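The structure appears right after this line, and notes come after that.
The values are calculated or read from the model by the stated rules, or taken from the named source; none is laboratory data. All values reported here derive from a predicted model rather than from experimental measurement. Here the Cβ is made from the backbone with ideal geometry for all residues, glycine too, and neighbour counts use every protein chain on show. The accessibility values were calculated without ligands, DNA or RNA, using every heavy atom of the protein model including side chains. Shrake-Rupley method; radii C 1.70, N 1.55, O 1.52, S 1.80 Å.
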Amino acid sequence: LISEKMMGKSSSSGFGFGLEESYGDGSGGEEGGSVTKSIISPRSMASLTSHVLYGRRRSPYYVEPIIAGLEPVVVEEEERGEDDETTATQKRKKIQYRPYLCAQDVIGAKSQSESFVCSGVASKSLYGTAEAMWRPNLKPDELARVCGRAFLSALERDCLSGYG
């Protein structure tokens, strides 16, 4: 038989993270209780992945994951009063989302960056070309062109990264 978790009906991943439901009345039912859902942050996911990979360092998973997401950051903003005579300011907390990028090697060593990350067999070739061609605030078509050139350059320099 296929369980509900295998069918995707459960909101939890089985590893203790993901969407989890808790009910406010303690009964586990839907009547009178409040439902709280939480999602793991990209930074926490990177740490969890790093620990799992390092735990398997003697017989590793042959993966080099890239974790990308939006990290919530609390920013305080000052608001001034509407009257010119009043100079009172109020601080208001606001949540902004910033991109989070992290690449890891086979044993879970993290490489975090504000701009871009590369992973895989030809990552050394990719980093060299990407650093030379990447600049902040690229338009989508320019970014696709830079990525394409970096991939072609890596294919030409690394014999293990062939066309198939």
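Points to keep in mind about this one:
- Test: SER41 is among the polar types (S, T, N, Q), modelled with pLDDT of 85 or more and surrounded by 11 or more Cβ atoms within 10 Å (Cβ to Cβ): yes
- Single condition CYS102 does not satisfy, out of (1) over 30 Å from SER44 (Cβ atoms); (2) modelled with pLDDT of 85 or more; (3) surrounded by 11 or more Cβ atoms within 10 Å (Cβ to Cβ): (1)
- Residue within the range 108-121 that is of a type in the set (A, V, I, L, M, F, W, C) and open to solvent by 90 Å² or more (accessible area, probe 1.4 Å) present: yes
- Every pair of residues 6+ apart whose Cβ atoms lie under 8 Å, when the first sits in the range 123-142 and is touching a residue at least 12 places away in the same chain (Cβ under 8 Å) while the second is among the acidic types (Asp, Glu) and open to solvent by 50 Å² or more (accessible area, probe 1.4 Å): SER123/GLU64
- Once the range 58-91 is narrowed to residues that are assigned to a loop (DSSP other than H, G, I, E, B) and at pLDDT below 90, the residue that is surrounded by the most Cβ atoms within 10 Å (Cβ to Cβ) is GLY81.
- When the range 133-155 is filtered for residues that are open to solvent by 50 Å² or more (accessible area, probe 1.4 Å), over 25 Å from VAL63 (Cβ atoms) and touching a helix residue (DSSP H, G or I) at 6+ places or on another chain (Cβ under 9 Å), the ones remaining, listed by number, are MET133, ARG135, ARG145, ARG149.
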